[in-house]
Structures are given as structure tokens and as C-alpha cells.
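A.B. asks: Quick one: this structure, given as C-alpha cells, is what I'll be asking you about.
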Amino acid sequence: MPQLSQSDRDGEMTSQVTFEDNRLVQQLAGVQNSHLKVIENQLSVRVHLRGNQFSISGDIPHVKLVEQLLTDLAELIQRGYPLFSSDILYAIRILSESSHPNLKDIFLDQVFIASNKRTITPKSLKQKEYIEAIRNYDIVFGIGPAGTGKTYLAMAMAVAAMAKEQARRIVLVRPAVEAGEKLGFLPGDLAEKVNPYLRPLYDALHDMMDFERASNLVQRGAIEVAPLAFMRGRTLNDAFVILDEAQNTTSEQMKMFLTRLGLGSKAVITGDITQIDLPENKLSGLVEAIHLLKGIDAIRFVFFTNRDVVRHRLVQEIILAYERAEQQKPGSSRTLIEN
């Protein structure tokens, strides 16, 4: 257990947090105190390490937050969690957003171990909610901006389900819609024509397992990556189905997809309603589904925001800037959802 001592004056305070395990202290501090520098930059506090004692100075709320941060991260390290600088950022965000956060429940929720031996775990309260929804519901919608892990975590859950024999196959689907630019004539057969639209799904898949194994499963039909149009007339039993970029489905396509689900199957639908590439006179099937299906208890909707972005920190600021601009437009997709 860490030892804490404090003194405060004029809205600021200095606190000492001491740990007995020197190796744990070094892991908390990071290489050349890199983790402490992240904490200082994010919370405008001063953190000094002398021996096995951290000294934290700054305004009272932030110093209190750092106390909890160091204590909770130390417990994660003791549980064998490999701490990276990015985890410091995610932990600060979680502790700042929740009055009763439990970092252990989030960071130690192992979803899957990827081919590079990296453990995939949730990095935010919303990602934890999303994973729990996928575990407990047969149809889950993950809606929010790019970089929030919607598709990546769904893919990890799908591969984990296959590994545990909870699903016999994985079906990865995307609508073949151009993202705001005309690509023109694409040479080759049908598979070669649609492959560029499906590339992001292949990229995520190959991050979960080595290329040879993934290719073998695709050849055997255990994993299928296909454009949405290929789903018509099919019934998918014992499958984990992911529909990515669902904001670019039409009303008819979304209905067609949702009615493909067979016995023992699970579907995850992901999309970003601020990036609809359909013609202006076409209603997004995802936007319509939110209105039509939100009253069905057995279907779960998880809404991510720019605060859940887990890519480069600038991505969050870029998304926020575009959201502000979008909100000023009359009849925007966001306005439709809120109404």
C-alpha cells in the first residue's frame, strides 16, 4: 500500500506518495520519467521522484487525481499489466470523467491477445461499455467518430469468439460506397473491384492474427470479407457478423442486413453519422435504424464521442472542430439524432 502525506495552501497543495517496491516505482515513472512528464503535461502539476517517493504539487483537484492515478496504476502493475505512456493518457481521461472509476475493471478486461502478443483491452469507460454490450446482446450498434475503436474492438471480440468456439465463422461486411471522391473504372474481376472497399477490414483482421492463418481461414470460408450486396438472400447461422461503415447503407440495405441474422449468431454494426457519403436525397440506414430500433430492449446502442478517441491526441481535436461546424448546419445528421 502506498503512503500518502499532504500539505495545502491557497488552493494549491503538495502531496507525497511513497511505495515500498522500487521496481514498481520505476515502472510507474517510466523510462527517463516519461510517464511523469505525461502526467505533468496533461494536468499542469509538478511531479518529482526522489528514491521511492513521488512529490506532487499543483491545484488541489489535480493533485488528488494524480494520487489516485499513481495508486491505481501501481495496482495494475502489480497485477502484471504492462504500462505504456498511452495508458497514462487513457487513465487520466477515465479518472477525470467518472466519480467512481475502477481502472482494474477496464484495463484488466482482456478481450484478445493479438498475433504480436499484444493484449487488446478497453481504453475508456465507453469502450468497456461497448465490450460488455457485445458480450451480452445479439445485436449491438457502435456509433461515433473515427478512432474510437468501434470496428477494431468488434473484430477482436469476433476473433475471440471463434477461438472459444462460440462462433463457427466470422463475416465482415462493408457497403461499397466511395468516400466523397469518384474512383472511376476499376479493372479486374468482381473480387478485385470491391477489394479496395474492404481493405480496412483486412487490415484489422491481420492485426489480430498472423497473415498465413488469416489467409487460411479466409480460404476455408471460416472468415468471409464481403461487400454488403453479397448478403442478400442469405441466412447467417452460428456467425459473428460485423457491418462496418453502416452510415453508408441505405434504408433497404440496413433492413436486408439485420434480417440475415440466423440462429446462434451475433451482429455488431458500426458507423459514424457525421461521415455519410450517400447522395443527399438518400436517408442513411444507420440514422433510420437508430430511430426505429432504439425502443427494442434486446438491441443495444453504444454512442461514442470525440472524448473516446484513442488515436493520436490531435485526432480528438480535429473531430471536435468538425463537430462544431456540423452542428451549425441546419438539418445535419446530428440534429436528426437529437430530435
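A.B. asks: Taking the inverse of the average 1/r across all pairs of different Cα atoms in region 258-300, what Kirkwood radius in Å do you get? Write down the numbers at each step before the final one.
C.D. replies: Details: mean 1/r = 0.0813 Å⁻¹.
Over region 258-300, the inverse of the mean reciprocal pair distance is 12.3 Å.
A.B. asks: Could you work out how far the C-alpha centroid of region 229-307 sits from that of region 69-99, in angstrom?
C.D. replies: So the two Cα centres are separated by 34 Å.
A.B. asks: Something else: Which value results when the Cα radius of gyration for region 75-175 is divided by 2.2 N^0.38 Å?
C.D. replies: So the Cα radius of gyration is 1.13 times the expected 2.2 N^0.38 Å.
A.B. asks: Then there's this: Take each of the peptides 68-75, 266-273, average the number of other beta-carbon atoms within 10 Å over its residues, and list them starting from the highest. List each step's numbers first, then the result.
C.D. replies: Values: 68-75: 19.6, 266-273: 25.2.
Peptide ranking by packing, descending: 266-273, 68-75.
A.B. asks: With viscosity set to 0.692 mPa s and temperature to 37 °C, compute the Stokes-Einstein D of region 18-140, Rh being the Kirkwood radius across alpha carbon pairs; µm²/s, no decimals.
C.D. replies: My calculation gives 214 µm²/s for D.
A.B. asks: Continuing with the same structure: Once you list every other residue whose beta carbon is under 9 Å from the beta carbon of S57, what net charge do they have if Lys and Arg are +1 and Asp and Glu are -1?
C.D. replies: Numbers: positive: R46; negative: E12.
So the environment of S57 carries a net charge of 0.
A.B. asks: Counting pairs of alpha carbon atoms under 8 Å apart in space and at least six apart in sequence, what relative contact order in percent does region 1-105 give? Show your work: numbers first, answer last.
C.D. replies: Details: 137 pairs, mean separation 27.2, N = 105.
That works out to 26 percent.
A.B. asks: Take each of the peptides 32-41, 300-309, average the number of other beta-carbon atoms within 10 Å over its residues, and list them starting from the highest.
C.D. replies: In decreasing order of mean packing, 32-41, 300-309 become 300-309, 32-41.
Each value in this text was obtained by applying a stated rule to the coordinates, not by laboratory testing. Computed from a predicted model, the values in this text were never measured in an experiment. In this analysis, Cβ positions are derived from the backbone assuming ideal geometry, glycine residues included, and neighbour counts consider all displayed protein chains.
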